[in-house]
Amino acid sequence: MAKPYQNATTICVIFSVIALIGIIWGIKAENALIPMLALLPTIGYEVYRTEGKSTKMASWGLLIVFLVEVFLIITKSQLNWWDYIGGESGALGEYLLPFESVTVIAPVIMGILASALFKNTRGIYTKWLSVIIIITAFATIYIIEPTLIKSFVDSEVREEIQQAL
């Protein structure tokens with residue numbers, strides 16, 4: 001049975017504003033914890049709204065990854081994930097991954113899970129919440145590792161220019 005939606009628009013607008021304030025404040029303060037904490041109500045509501053088996057699992061996974069990320073940020077974890085997978089550099093097979101910190105991985109996973117929720121749900125409010133999560137995850141990555149976003153954008157722009165020529 002579908003969740004009630006009479007206040008869902010208002011709730012999603014409020015959560016969008018909270019996330020936006022958290023993103024702006026976090027970027028200005030150079031503190032990734034701020035947008036993450038601003039995201040908590042959105043993730044909680046996402047868990048509440050999802051109903052299908054796969055979307056429910058994705059939303060609970062999102063909450064778990066969120067909690068791990070908040071813990072990593074609070075403890076100022078400097079773990080290098082390459083130490084755990086046996087690599088020596090940012091290369092995984094043929095792919096070059098330009099980040100090393102474990103704290104960058106959680107927002108990437110959150111973005112992937114939120115994208116899956118966006119794709120696999122029919123509910124407009126769940127899609128809306130997913131977009132908030134995706135945008136906030138990218139902002140968090142930017143705060144933690146600004147060069148990662150810059151190199152991604154630069155490579156995408158370079159690739160588009162090369163394709164156009």
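Any read-out appearing in this document is the output of simple, stated calculations on the displayed coordinates, not a laboratory observation. As the structure is a prediction and not an experimental result, all values here were calculated from the model. Glycine also receives a Cβ, built like all others from the backbone with ideal geometry; neighbour counts cover every protein chain displayed.
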- Can you flag which of 53/127; 56/76; 28/127 are past 22 Å Cα-Cα? 56/76; 28/127
- Determine, for each peptide in 115-122, 42-49, the mean count of other beta carbons within 10 angstrom over its residues, then list the peptides with the highest first. 42-49, 115-122
- Among 16-29, 133-146, what's the highest-first ranking by average C-beta atoms within 10 angstrom per residue? 133-146, 16-29
